[in-house]
Amino acid sequence: MKSRNGGEQPAPDDRGRDQQPFRGRASVPSVPADPPQEQAVPWRRRALDQQLPAAGFPAGSGKPSLLYLWAIMCLSAAIVLGFAINNQRGVPPAVVDSQRDNVSKVASSMRLTINHYVEDLDQRIAARPPTTPDPEFVKQVVGNGTEWTGAAIVETASRRPLATAGSGVPMELLPPALPAKDTFPITTPDGPALVRSVALDPARTLLATQPLDVDELRLNPNARQGIFVITPDGKSTLMQGVSAVPDVHLPVVFQGLAQSQSTEGHPIRVTEWLNKQLVVSSAPVGETGATVATLIVAEETGGTSTVHGLLLGLTLLAMAVPSFLLMRLAMVRPVRSLLERAKADACGEVPAKRHPLRIAEAHRIARALSLTSDDPSSGAGGKRWRWRWRPTVNQGLALATVVALLWPAAAVAYTLSSPEPPIPNQLVRDEESRAEAASNVMGKALNNGLQTVTRISQASEATPDPAQLAPQLRQELADKHRFRSLYLMDPNGSVVSAAGRDPLRKEPLRGETGIELDGATARVPLVYAFRVAPNGVATVGEFDIDYLLEMIRAVDGQVRVVDEDLRTVFDSNGFRAFQQLEGTARVAASEALKGGTVGMAKTPDGRPALIAAAGLNKPNTVAPLKWSLVVEQDLAGLRLPESDGRRWTLLVAGATTGVVLLTQTWQYFVFARPLRRLAVQADRISDGDVEEPISPQRHDDIGALAMCLEVCRQVRHTGSSRLGGASRLRGTEEDRTVVLPEVPPQPEAGRATLWYSESADDTRADDRDERS
């Protein structure tokens with residue numbers, strides 16, 4: 001039997017028959033003679049194994065290295081799989097993404113134009129005087145034909161025309177029931193058109209039509225690029241460019257796009273074409289029901305190399321195996337060998353042969369174990385333990401780390417030093433179209449604000465007191481959200497009516513109407529639209545910066561708007577007002593200010609780039625600003641096959657570095673440092689200091705080593721009766737097992753009593769069964 005403090009008690013058959021009374025709960029037998037060595041060692045080993053902790057996951061010393069090897073094997077398979085998946089020939093995904101983004105911007109530009117026309121028409125209907133006759137009103141709606149080309153007031157039930165103007169309305173193409181207030185597309189013999197239907201009263205309905213038009217785009221004739229408008233009835237009309245396929249195949253190509261409410265893009269393989277595919281992209285035009293679609297013929301390119309991916313995976317695995325073996329040699333094998341030796345020493349077993357331990361910490365602990373056992377190989381004077389240099393655990397782990405990091409370092413260096421893939425021609429064309437589309441959207445947003453200011457200014461001409469327009473100012477500010485401040489000024493420059501935040505404009509108004517940039521306000525770029533009425537009252541609308549930034553942030557890439565001095569007015573990635581534009585973007589912007597659109601596939605020093613710039617000159621009202629819009633793409637985000645291979649290699653290299661650092665940190669803090677502290681305590685025992693106990697604080701291999709070393713220390717301090725026992729893992733490091741000295745015999749009883757304290761917080765009576 002074994003006592004709780006690690007000592008031995010004889011079996012019940014070996015107890016002495018003479019029992020002395022014990023002051024406590026049970027009697028204590030007398031100490032018998034020690035059992036034979038060949039019987040005591042197995043019994044001690046069984047008792048010790050029952051007390052030592054079982055190192056399960058993640059406590060075992062071999063778990064970090066195994067986890068490292070498993071993770072590297074998974075990363076090797078991932079990099080091979082990643083290169084194999086992208087190995088097929090096809091259209092680069094970057095081209096499909098670019099087409100999808102461009103068609104989305106075309107649809108957005110059309111939506112802004114349509115919304116402006118619809119808002120203007122609704123304003124006219126709401127402001128119509130009751131005395132205005134129908135023929136006169138439809139003429140006002142058509143005007144000069146720039147917005148609505150035809151208008152008619154009809155009886156809602158019979159559709160009989162009551163008044164018409166302009167080109168007229170095709171009644172036969174309208175739906176059976178006229179909507180009370182809606183905008184819907186139709187396909188006329190002249191092309192797609194938009195119809196606005198507004199009920200004037202229960203008996204009459206106003207119908208206004210305008211042809212659907214697409215902004216001029218920079219199409220690629222080599223790709224046979226074409227822009228189409230699809231109406232809900234499935235009919236498609238070529239608006240710009242050429243059709244890459246015969247008209248008879250267009251219904252199949254555009255199948256499902258007429259009613260789609262999301263932006264789409266995908267390649268279609270044509271059997272008759274060699275190394276080419278048809279790319280179809282579409283986007284809905286707001287909620288009108290119309291859809292814009294593009295068709296291009298794109299060249300196929302090769303994918304990533306499977307052989308290259310296989311080579312990367314095999315080299316990664318080849319570099320991981322020696323690192324794994326170094327971890328086992330530096331940490332796992334010494335700890336396991338030392339633990340077996342420690343268990344033997346803690347049981348009093350003297351092996352016939354001891355294998356040398358080549359790690360310094362393990363050697364120092366083994367020396368302390370041998371000195372406290374009956375191992376004759378320890379020798380007198382320690383001749384067996386001649387000093388020689390041995391590597392430490394930290395040195396072994398450091399070498400394993402260096403070997404493990406060789407592959408990610410070489411992979412990153414090779415990837416970054418290899419030339420970047422060239423930019424396809426189609427992407428440069430698309431970037432130019434993207435810059436022009438973004439320029440048109442920005443120009444329309446500014447022009448719409450000027451039209452709102454003009455409408456308010458015209459209303460102020462017929463109002464004797466401008467202060468009466470305050471409700472209209474607040475309504476315009478709330479409905480459109482394009483202005484931060486909207487106000488009226490008298491000829492003296494005093495604000496007579498305002499809505500929104502305090503005005504920031506400092507420069508005086510120049511001219512009668514227009515859009516200006518206030519350069520005197522350095523805190524933020526202030527853009528405002530103004531109009532001075534004949535009566536001297538000026539209407540000013542200061543644009544909301546977030547509203548304008550929203551226009552350019554919808555464009556993929558970094559978009560910057562600069563003035564004629566190449567100072568940054570807006571930047572989609574954040575900016576400081578009026579900072580100078582630098583780099584290749586400055587070259588493109590300066591060329592665009594001269595007129596036209598500029599696209600660049602390389603920087604001046606020959607490196608790949610994707611930059612396009614377009615002048616802000618549409619519509620004519622924004623041309624006096626002399627602004628240029630620059631779009632620059634991050635090449636790392638382009639989905640090109642070569643870029644995918646580079647990106648995948650860098651990703652796996654980063655993941656490998658993370659796995660190595662995590663594994664080595666785990667081994668250092670959980671195993672290497674505790675083992676080094678245990679070696680320091682072993683050195684103290686080897687020097688003859690056996691007074692201070694060794695606290696076993698860990699439920700793993702290092703904790704088991706500490707418990708065996710503590711048994712050997714107790715053997716040297718107290719005697720061989722401590723063999724086969726172990727201190728229990730309990731409490732903190734300061735709660736140590738302490739053997740108290742014997743209590744002198746009391747005169748009245750003539751007996752000696754021994755009490756021991758196992759820990760400060762354990763005073764149970766059943767733990768006091770020590771021998772007297």
ask   = Does any residue of region 537-553 turn out to be more than 30 Å from the chain's Cα centre (by Cα), in a loop (DSSP other than H, G, I, E, B) and surrounded by fewer than 17 Cβ atoms within 10 Å (Cβ to Cβ)?
value = no
ask   = Is it the case that some residue within region 342-365 is surrounded by fewer than 17 Cβ atoms within 10 Å (Cβ to Cβ), under 30 Å from Trp70 (Cα atoms) and basic (Lys, Arg)?
value = yes
inquiry  = Quick check on Ile515: is it of a type outside the set (Phe, Trp, Tyr) and within 27 Å of Ala613 (Cα to Cα)?
reply    = yes
query = Got at least one residue in region 648-666 being of a type in the set (Phe, Trp, Tyr), surrounded by fewer than 19 Cβ atoms within 10 Å (Cβ to Cβ) and in a helix (DSSP H, G or I)?
reply = yes
request  = Among the numbered conditions (1) touching a Pro at 6+ places or on another chain (Cβ under 9 Å); (2) part of a strand (DSSP E or B); (3) of a type outside the set (Val, Ile, Thr), tell me where Ser262 comes up short.
outcome  = (2)
query = Among the candidates Glu516, Glu420, Glu436, which residue alone is acidic (Asp, Glu) and under 30 Å from His308 (Cβ atoms)?
reply = Glu420
key: Residue match in region 70-90 (condition: crowded, with 16+ Cβ neighbours inside 10 Å and touching a strand residue (DSSP E or B) at 6+ places or on another chain (Cβ under 9 Å))   = yes
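Condition first: outside any helix (DSSP H, G or I), surrounded by fewer than 21 Cβ atoms within 10 Å (Cβ to Cβ) and not small (Gly, Ala, Ser). Now tell me which residues in region 404-451 satisfy that.
Correct list: Pro419, Glu420, Pro421, Pro422.
Can you confirm whether Arg484 is modelled with pLDDT under 90 and in contact with a strand residue (DSSP E or B) (Cβ under 9 Å, 6 or more places away or on another chain)?
Numbers: modelled with pLDDT under 90: no; in contact with a strand residue (DSSP E or B) (Cβ under 9 Å, 6 or more places away or on another chain): yes.
Judged against the criteria, Arg484 is not a match.
Here are Pro334, Pro322: which of them is touching an Asp or Glu at 6+ places or on another chain (Cβ under 8 Å), modelled with pLDDT of 90 or more and either buried (at least 16 other Cβ atoms within 10 Å of the Cβ) or in a helix (DSSP H, G or I) (or both)?
Pro334
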ask   = What pairs come up if the first residue lies in region 302-323 and is under 24 Å from Gln88 (Cβ atoms) and touching a residue at least 60 places away in the same chain (Cβ under 8 Å), the second is aliphatic (A, V, I, L, M) and surrounded by 14 or more Cβ atoms within 10 Å (Cβ to Cβ), and their beta carbons are under 6 Å apart, counting only those six or more places apart or on different chains?
value = Thr306/Ala84; Gly309/Ile79; Gly309/Val80; Leu310/Val80; Leu312/Ile79; Gly313/Ile79; Gly313/Val80
inquiry  = Kindly evaluate Ala344 against the criterion of being over 46 Å from the mean Cα position of the chain (by Cα), assigned by TED's automatic domain parsing to the domain that holds Phe671 and either part of a helix (DSSP H, G or I) or at pLDDT 90 or above (or both).
reply    = yes
query = Could you count how many residues in region 242-259 are surrounded by 15 or more Cβ atoms within 10 Å (Cβ to Cβ) and either aliphatic (A, V, I, L, M) or without any contact (Cβ under 8 Å) to a residue 40 or more places away in the chain (or both)?
reply = 7
key: From the options Arg560, Arg523, Arg505, residue that is closer than 28 Å to Ser590 by Cα, touching a strand residue (DSSP E or B) at 6+ places or on another chain (Cβ under 6 Å) and either of a type in the set (Gly, Ala, Ser) or part of a loop (DSSP other than H, G, I, E, B) (or both)   = Arg505
message = Here are the criteria: (1) exposed (fewer than 14 other Cβ atoms within 10 Å of the Cβ); (2) assigned to a loop (DSSP other than H, G, I, E, B); (3) over 37 Å from the mean Cα position of the chain (by Cα). Tell me which single one Thr463 does not satisfy.
response = (1)
ask   = Yes or no: Arg684 basic (Lys, Arg), over 30 Å from Ala410 (Cα atoms) and surrounded by fewer than 17 Cβ atoms within 10 Å (Cβ to Cβ)?
value = yes
remark   = Note on Glu432: of the conditions (1) out of contact with any Pro (no Cβ under 9 Å at 6 or more places or on another chain); (2) at pLDDT 85 or above; (3) assigned by TED's automatic domain parsing to the domain that holds Gln681, unmet is (3)
task = Evaluate the following for Thr113: is it in contact with a Lys or Arg (Cβ under 7 Å, 6 or more places away or on another chain) and either at pLDDT 85 or above or in a loop (DSSP other than H, G, I, E, B) (or both)?
result = yes
Within region 563-588, considering residues that are assigned to a helix (DSSP H, G or I) and within 29 Å of the chain's Cα centre (by Cα), the one surrounded by the fewest Cβ atoms within 10 Å (Cβ to Cβ) = Thr584
note = Going through region 125-155 in order, the residues found to be within 55 Å of the chain's Cα centre (by Cα), of a type in the set (D, E, K, R) and either crowded, with 19+ Cβ neighbours inside 10 Å or under 19 Å from Pro170 (Cα atoms) (or both) are Glu147
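The values are calculated or read from the model by the stated rules, or taken from the named source; none is laboratory data. These figures come from a predicted structure and were not determined experimentally. As a convention, Cβ positions derive from the backbone with ideal geometry for all residues, glycine included, and neighbour counts pool all protein chains shown.
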